[in-house]
Structures are given as structure tokens and as C-alpha cells.
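Here's the structure we're looking at; comments come further down.
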């Protein structure tokens, strides 16, 4: 049987959510007739989406949610879902959820809501609205244990309706992009080891400040470590000023947005993510895929991916001195660091493949469409069978 399934997100800028939607569009089986809904047809990934050939439609908010246009777009979306006889719509972000859940209910379409972060950037009224719409969904997908726990504990979502599906990576495609090499030259770092940080500079939760302080701390011991900071946003200028104030203006290199991140990982001795809140970070997954030992904070889904001492090191958030110490440990024992990098690569191969991502979503979609609410253990078991890969190793519960 063929079902019509719509993947809906806000845009296709460079970001973790957008990248995962693109992976789903590539990986889902031919049993689905896919279509794409979006708030805005913009972003560097949009051309890749268009090249897949699926029907697309946009529903622009035009400046905000609290406007009459929002009601108009909900009506347009409901009409499109009904006219196209869409069986299920999977929505992946906050602003899209505000439109999609009401529209799906009006159209009689099944709806799956993706909750992919800890709602750390929402105002209280936004969080309450998102929680209510999540409760109205037919199923909820999370990508990290910490998010599942938050929904159960703070939003009272029944655990049987929450389904943990870790992100996936098309590893052959990632390797091929890495082999293409850098798209632009890097600053001269004098051959000193590099730590790579990939994150937007939109929100303080990413805590690039802690990396810069750790870099200053490490270099006081004459390590001569350099950092490449990939990403952009309104906080960039202040972060650049801070680097000079800390005395690491020559060692901290702000690269802006880059499309050659897989190749950049090949230049790094260490990968780092020092956020205070995370869902499941694609930065960590890509770093492990490149065989780079990761230093991450014990926040959100980070510890679903990195077990301290196995695939990298885990430190407490907002502790730049712990970051610096972790850098010293890895640089001081290159053989151990290499073992951690190889272990990370194996973890991605065995547990975070595109095939596993697609198989798990396929099983969930079929269960919802066939009026079966999948019990969590059976759901996970079936997803493993479909992906023909070994059972995942469960990481310890997050500590922050």
C-alpha cells in the first residue's frame, strides 16, 4: 500500500533539523508518496530538496504568528492536505507546529510532531502552546533521552506516545563530501593542533564563550592550540571581541557559515560542543563520523552520543577550566584520543545510519496509519529488524 506523507518544516537553512528532514526525504522507502510543506522556500538546502522532485508548497507567516495571516495559512494548509489526500504529516519545528496541527485536525490527516530540543528558547506562553499542540498529535518523535524525559515529566505527555528515534547520517555521502576537500583556504595556524566547534551564533545556549576561555586557559600552558569556530549570527561580533580581550585573537578563527564541514573535520584534532542545552547534536555525530574525539558538555542529548572516556570526554556545562583540562588530556595522549575517535566512528556506523533512521520512521508511520499505537519496546525491536543492524548500546541518562 502507498501512503501520502508530508514532511513539514520552517525552511531549509543550514541546521540540524533541516538536515535531518532532508535525510528522511532521501531515505524513506518508495512505499510513500512524499511531499514537502514549508513556511518559507529559502535556504542553501532548498535546491537539494527541489532536486528530489517531490511536490512542494509554502505557507508563509509573513512576520509573525499573532496575525490574521496565520489563520489564512492554516486554512490553506488544511485545504492542501485534503485536496492532495495526504494521509500523514510530520512536522519538525515550533513555528510549523502552530500551523500544522490545527490544519491536520481540520483536514482529518494524521499528524506526528517532532520535538527536537529542550524548548530552551521558548517564552512561557510559547512553551504552553507547543505542549498543548503536542498532546493533540497522534504520535511524538524525540531524538534524545533528555527530551523524552522532559515531555513525560513537565508536559505530562504519556510515555506510550513518545518515540525516541536518534538522528541518522548518510555516512557514504558524508565521506564523499569530506573527500572533496575544503571549499576555501583556512587561516595559517602554524601546524598547531585544531579544535573544531560548529554551531550557530544566534543564542547564548551554545556558549562559545566557554570555548574561548578554555582556549586561553590551555594556551597559558604553551600548548598553542587553535580553534576554528564555524557558524554565524548576531553574537559573532561580541565573541570576536571577547577572543581579543582574552588574548586568543590570533588563535580563535571565526569562519562563518561553511558548506564544507565534512572536510573541515579532517583538519581537527579535537571536536567540541559546550552548550548548556541540546537536543541530539548533528555536530557531535559528524565529528564522530570523521573519527575525531569529542569533548562535550553533559547537557541534553550529548550524553546519548558520548560516553565519557569511550568516544570522547564529558565535562560539566559552563566550566571552561574543565574544557581546557579535557583538551590537555587528549593532546597529551594521542593514542588514546585516536582510539576514542575510532570508537565514535564505529558508533555512527552501527547505530546512527540513515537506514536505521528511515526504518524507525517507516515503522512509526505505518503504526499510526494503521491505527496501531506502537509500544516502545516492540517499536524499537521492529526498527532494529528493519534496519538489519545491531541493537543500540544505551548511553547513561543525561546528568544535566
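The values are calculated or read from the model by the stated rules, or taken from the named source; none is laboratory data. Please read all numbers here as calculations on a predicted model, not as lab measurements. A quick note on method: Cβ atoms are made from the backbone with ideal geometry, for glycine too, and the neighbour counts reach across all protein chains shown.
Among the conditions (1) within 28 Å of residue 29 (Cα to Cα); (2) within 21 Å of the chain's Cα centre (by Cα), the only one that residue 136 does not satisfy is (2). Would it be correct to say that residue 329 is more than 20 Å from the chain's Cα centre (by Cα) and assigned to a helix (DSSP H, G or I)? Yes. Return yes or no: is residue 104 in a helix (DSSP H, G or I), at pLDDT 95 or above and surrounded by 20 or more Cβ atoms within 10 Å (Cβ to Cβ)? Criteria met by residue 104.
Here's the yes/no breakdown for (1) within 21 Å of the chain's Cα centre (by Cα); (2) surrounded by 24 or more Cβ atoms within 10 Å (Cβ to Cβ); (3) not in a loop (DSSP other than H, G, I, E, B):
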| residue | (1), (2), (3) |
| --- | --- |
| 262 | yes, no, yes |
| 280 | yes, yes, no |
| 288 | yes, yes, yes |
| 335 | no, no, yes |
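On the stretch given as region 8-34, residues that are in contact with a helix residue (DSSP H, G or I) (Cβ under 9 Å, 6 or more places away or on another chain), modelled with pLDDT of 90 or more and farther than 26 Å from residue 230 by Cβ total 4. Each residue in region 71-91 was checked for being more than 13 Å from residue 5 (Cβ to Cβ) and either touching a helix residue (DSSP H, G or I) at 6+ places or on another chain (Cβ under 7 Å) or not in a helix (DSSP H, G or I) (or both), and 5 pass. For region 48-70, the count of residues that are touching a strand residue (DSSP E or B) at 6+ places or on another chain (Cβ under 8 Å), assigned by TED's automatic domain parsing to the domain that holds residue 363 and without any contact (Cβ under 8 Å) to a residue 12 or more places away in the chain is at least one. If you check residue 26 against the conditions, is it in contact with a strand residue (DSSP E or B) (Cβ under 6 Å, 6 or more places away or on another chain) and either surrounded by 15 or more Cβ atoms within 10 Å (Cβ to Cβ) or in contact (Cβ under 8 Å) with a residue 24 or more places away in the chain (or both)? So residue 26 fails the test.
Does at least one position in region 373-396 carry a residue that is touching a helix residue (DSSP H, G or I) at 6+ places or on another chain (Cβ under 6 Å), surrounded by fewer than 23 Cβ atoms within 10 Å (Cβ to Cβ), under 17 Å from residue 273 (Cβ atoms) and at pLDDT below 95? Yes, region 373-396 contains a residue that is touching a helix residue (DSSP H, G or I) at 6+ places or on another chain (Cβ under 6 Å), surrounded by fewer than 23 Cβ atoms within 10 Å (Cβ to Cβ), under 17 Å from residue 273 (Cβ atoms) and at pLDDT below 95. Among the residues of region 153-186, those identified as in contact with a strand residue (DSSP E or B) (Cβ under 8 Å, 6 or more places away or on another chain) and either loosely packed, with under 12 Cβ neighbours inside 10 Å or under 30 Å from residue 128 (Cα atoms) (or both) are 157, 161, 162, 163, 164, 165, 168.
Please tell me if residue 48 is at pLDDT below 95 and farther than 26 Å from residue 128 by Cα. So residue 48 passes the test. Restricting attention to region 198-233, the residues that are free of Cβ contacts under 8 Å to residues at least 24 places away in the same chain and in contact with a helix residue (DSSP H, G or I) (Cβ under 8 Å, 6 or more places away or on another chain) add up to 0. Considering the conditions (1) under 17 Å from residue 164 (Cα atoms); (2) under 15 Å from the mean Cα position of the chain (by Cα); (3) crowded, with 24+ Cβ neighbours inside 10 Å, residue 359 is excluded by exactly one of them, (2).
State whether the residues of region 50-69 include one that is under 23 Å from residue 199 (Cβ atoms) and crowded, with 18+ Cβ neighbours inside 10 Å. Checked region 50-69: no residue is under 23 Å from residue 199 (Cβ atoms) and crowded, with 18+ Cβ neighbours inside 10 Å. All conditions but one from (1) in the same structural domain as residue 161 (by TED's automatic domain parsing); (2) modelled with pLDDT of 95 or more; (3) part of a loop (DSSP other than H, G, I, E, B) apply to residue 317; the one that does not is (1).
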